[in-house]
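The values are calculated or read from the model by the stated rules, or taken from the named source; none is laboratory data. A quick note: this is a predicted structure, and the numbers were derived from the prediction, not measured. Cβ: placed from backbone, ideal geometry, glycine included. Neighbour counts: every protein chain shown. Protein only, heavy atoms only, side chains kept; ligands, DNA and RNA dropped before computing areas. Shrake-Rupley method; radii C 1.70, N 1.55, O 1.52, S 1.80 Å.
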Amino acid sequence: MIVTDVIAFTVRSLQGFRLRTALMLVAMAIGVAAVIVLTALGEGARRFVADQFSALGTHLLIVLPGRSETTGGPPPLLGETPRNLTLDDALALRRLAGVRRVAPISLGNADISVGRRQREVLIVGTNEEYQHVRQLLIGQGRFLATPDPRRLSPECVLGTEVRRELFGPTLALGRWVRLGERRCRVVGVLGTQQHSLGVAMDEIVLVPVAFALTLFNKESLFRVLVEVRSRDRVKQTEQGIRDLIRARHDGEDDVTVIAQDAVLATFDKVLRALTFAVAGIAAIALAVAGVLIMNVMLIAVTQRTAEIGLLKALGAPARQITMLFVSEAAALSLTGAVVGLAVGQLGSWIMARTYPDVPIGAPAWAVWAALGVALATGILFGILPARRAARLDPVSALSRR
Amino acid sequence: MIRLEGICRDFAVGEQTVHALRRINLSVHSGEYIAVMGPSGSGKSTLLNIIGLLDRPTAGVFLLADQDVTGLSDNEIASVRRDQIGFVFQFFHLVPRLSAAENIALPMTLAGVQPTERKRRVTAVLAEIGLAERSHHRPDQLSGGQRQRVAIARAMVMEPSIILADEPTGNLDSKSGQDVLRILERLNDQGIILIIVTHNAEIGDRARRSIRIVDGAIESDVQQR
């Protein structure tokens, strides 16, 4: 049989049973669309998180006081105080090869007031490097600028929301505010941040780290952010930080160093697993569509018994009849898959339009996998009915009207 | 052309074995016109199915054009059927979704004949059966007689050497039946073997050779005129 004739014959018989064709197309389309939309969502979430992290620089190391490790043995007793991670420790890290920037962080809550307006805010004590490490945007004025990090320069940078609440429409730059027991001058206001990573940057106040330590009466930093010069030096620098701190802390290995990469990798893994899981669930819809195709094709074989008998009487060998029925199933699943692909892509596009922050879009592998699985299930589930058709006894098939 | 030697066909019906054909010996030469008569269940249709290679005998030898076809594979049988044998059925067996022309072209489509050649041959046979102006009608738009003529056109389009007709007029009024018979006899005049299974005594009389089957055996085999 000529290929074009096979196609024509297939199309004619699908047109001959419109309702059944439509139902099977819908089933297959739903399956494929589900795979596309769900993987698009999963992939979107993964890329959203990845973007957020990489915006912060993927070669970032975070140093925390205290050792958190599960190396076996009894867990550390509650209330065990780690050795302080001091400002001097942080400044010492600067001298390590491979380190580009070091931003010490001291964190605490304090009341901020101007005149009679007062509220509690999160105070972040840090240095000018912090702006680059976290890629902060400045709305007005300038960022903290303290050449000597040990100096208690009384200056602060306000988040936009803090500025709005304290100053309203009036100019904030150059004004003095009261922070807890101390006073400082507003030198800048943050802009609206692109990547906040869950921190409400609008609601913080940034001060020099020495100022914060004094304000909170603390010795220890909350953590130190270390930006490594290049990605391939992250491992080596991590070890360097550990060694340096151990040397400074009388041989005690009492800090935790987290690579931003590691955090990102974990998120990536989790979200990728989630995407696969969701895609797997959607694939069940595809399998169901496949079973439906098998069912309907089996009914079709029964309905068309006389026609199959006729084809045999006209000299069609068994494999030709198998081929005709398999190509019907394949045509159905392929058409259904293409319709589903279109619907799925449309759905993803609508979602992407609705949530422009999240890069929603089905990855290429999901598209190909959905099409492939649809075609494979269609053919696979088409083979059984087709073989049944090919095995029909022509005499009894023709004896029916 | 056709030689049957000791052909038996048994069917297992439950525990019992039914002997549909018992040691049939028959030879048919080119251009013969045969009516196979007999009561219902006598084995006429089974004989026709065996000659048409739709069914295989349980025992015996079947030579078609001096070739033993009892031992052929399914694929080989399919191609012999396609090239040598045309079927005409009582219930026409046209594909309802295809037009008359497409139904007639179906054996050629299955055989992989090129579309231009198909069109040429379909046009020719449509003219022969007098339905040239109905070529685009679907079976449900045709009368019974017209449907059977389309079915005959389908049977002759591959230019077979044998046409087998199982009660071809059984579902038609007598006028249409006459038309159908005339077309079949015209094909016979061109040298094609025509074997008709029928209950109709009149057709039995028209055929030049009449075979009567009772209980799976040939009771009489008469040359007429």
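Just one residue in the set B:Ile203, B:Ile193 is open to solvent by less than 50 Å² (accessible area, probe 1.4 Å) and in contact with a helix residue (DSSP H, G or I) (Cβ under 9 Å, 6 or more places away or on another chain); that residue is B:Ile203. Summed over the range B:192-219, residues that are at pLDDT below 90 and of a type in the set (Gly, Ala, Ser) total 2.
Screening the candidates A:Gly378, A:Gly372 for the property of being surrounded by fewer than 19 Cβ atoms within 10 Å (Cβ to Cβ), of a type outside the set (A, V, I, L, M, F, W, C) and not in a loop (DSSP other than H, G, I, E, B) yields one hit, A:Gly372. Residues that are of a type outside the set (A, V, I, L, M) and more than 19 Å from A:Ile105 (Cα to Cα) number at least 1 in the following helices (runs of 4 or more DSSP H) confined to the range A:157-276: A:160-167, A:234-248. Annotation: of all residues in the range A:314-326 being part of a helix (DSSP H, G or I) and buried (at least 21 other Cβ atoms within 10 Å of the Cβ), the one that is nearest to the chain's Cα centre (by Cα) is A:Val326. Does the range A:64-80 contain at least one residue that is at positive phi, modelled with pLDDT under 85 and touching a Ser or Thr at 6+ places or on another chain (Cβ under 8 Å)? Yes, the range A:64-80 has at least one match. Per the listing A:Glu238, A:Glu227, A:Glu219, the residue uniquely exposed (fewer than 14 other Cβ atoms within 10 Å of the Cβ) and over 24 Å from A:Arg163 (Cβ atoms) is A:Glu219.
At pLDDT 90 or above, away from chain A (no Cβ under 13 Å), open to solvent by less than 30 Å² (accessible area, probe 1.4 Å) and more than 20 Å from B:Ser161 (Cα to Cα), is that true of B:Ile24? The answer is yes for B:Ile24. Entry remark, the range A:9-39: residues being within 14 Å of chain B (Cβ to nearest Cβ), aliphatic (A, V, I, L, M) and open to solvent by less than 50 Å² (accessible area, probe 1.4 Å) number 1 in total. When the range B:85-98 is filtered for residues that are within 22 Å of the chain's Cα centre (by Cα) and open to solvent by less than 60 Å² (accessible area, probe 1.4 Å), the ones remaining, listed by number, are B:Ile85, B:Gly86, B:Phe87, B:Val88, B:Phe89, B:Gln90, B:Phe92, B:His93, B:Leu94, B:Val95, B:Leu98. With respect to B:Gln114, is the statement that it is farther than 19 Å from B:Ile192 by Cα and either out of contact with any strand residue (DSSP E or B) (no Cβ under 7 Å at 6 or more places or on another chain) or among the hydrophobic types (A, V, I, L, M, F, W, C) (or both) true? So B:Gln114 fits the description; yes. Within the set A:Leu311, A:Leu286, the sole residue that is in a helix (DSSP H, G or I), within 30 Å of A:Pro385 (Cα to Cα) and modelled with pLDDT of 85 or more turns out to be A:Leu311.
The set of residues in the range B:207-225 that are outside any strand (DSSP E or B), over 17 Å from the mean Cα position of the chain (by Cα) and surrounded by 19 or more Cβ atoms within 10 Å (Cβ to Cβ) contains only B:Gly216.
Just to be sure, is A:Pro147 over 27 Å from A:Ala90 (Cα atoms) and either modelled with pLDDT under 90 or aliphatic (A, V, I, L, M) (or both)? It is false that A:Pro147 is over 27 Å from A:Ala90 (Cα atoms) and either modelled with pLDDT under 90 or aliphatic (A, V, I, L, M) (or both).
Considering the range B:1-106, the qualifying strands (runs of 3 or more DSSP E), each wholly inside and each with 1 or more residues that are under 30 Å from A:Gly16 (Cβ atoms), run over B:85-88.
Conditions (1) closer than 30 Å to B:Ile152 by Cα; (2) modelled with pLDDT under 90; (3) more than 14 Å from every other protein chain (Cβ to nearest Cβ), marked per residue:
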position	(1), (2), (3)
A:Val301	yes, yes, yes
A:Thr305	yes, yes, no
A:Ala329	no, yes, yes
A:Val367	no, yes, yes
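Applying the set (1) without any contact (Cβ under 8 Å) to a residue 24 or more places away in the chain; (2) away from chain B (no Cβ under 14 Å) to A:Ala316 leaves exactly one unmet item: (2).
Residue-by-condition table, conditions (1) surrounded by 20 or more Cβ atoms within 10 Å (Cβ to Cβ); (2) basic (Lys, Arg); (3) free of Cβ contacts under 8 Å to residues at least 40 places away in the same chain:
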site	(1), (2), (3)
B:Ala132	no, no, yes
B:His136	no, no, yes
B:Gln148	yes, no, no
B:Ile152	yes, no, no
B:Met156	yes, no, no
B:Glu159	no, no, yes
B:Ile163	yes, no, no
B:Leu172	yes, no, yes
B:Lys175	no, yes, yes
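Considering only residues in the range B:55-90 that are over 19 Å from B:Leu194 (Cβ atoms) and among the β-branched types (Val, Ile, Thr), the one that is farthest from the other protein chains (Cβ to nearest Cβ) turns out to be B:Val61. Among the residues making up the range B:102-117, those that are buried (at least 22 other Cβ atoms within 10 Å of the Cβ) and more than 7 Å from chain A (Cβ to nearest Cβ) are B:Asn103, B:Ile104, B:Ala105, B:Met108.
Would the range A:109-119 turn up any residue that is within 24 Å of A:Gln260 (Cα to Cα), touching a residue at least 60 places away in the same chain (Cβ under 8 Å) and open to solvent by less than 30 Å² (accessible area, probe 1.4 Å)? No: zero hits. Applying a threshold of 8 Å to beta carbon distances and a minimum spacing of six or more residues, or different chains, the list of pairs starting in the range B:199-225 at a residue that is on the phi > 0 side of the Ramachandran plot and ending at one that is open to solvent by 60 Å² or more (accessible area, probe 1.4 Å) and part of a strand (DSSP E or B) reads B:Asp215/B:Arg22; B:Gly216/B:His19; B:Gly216/B:Arg22.
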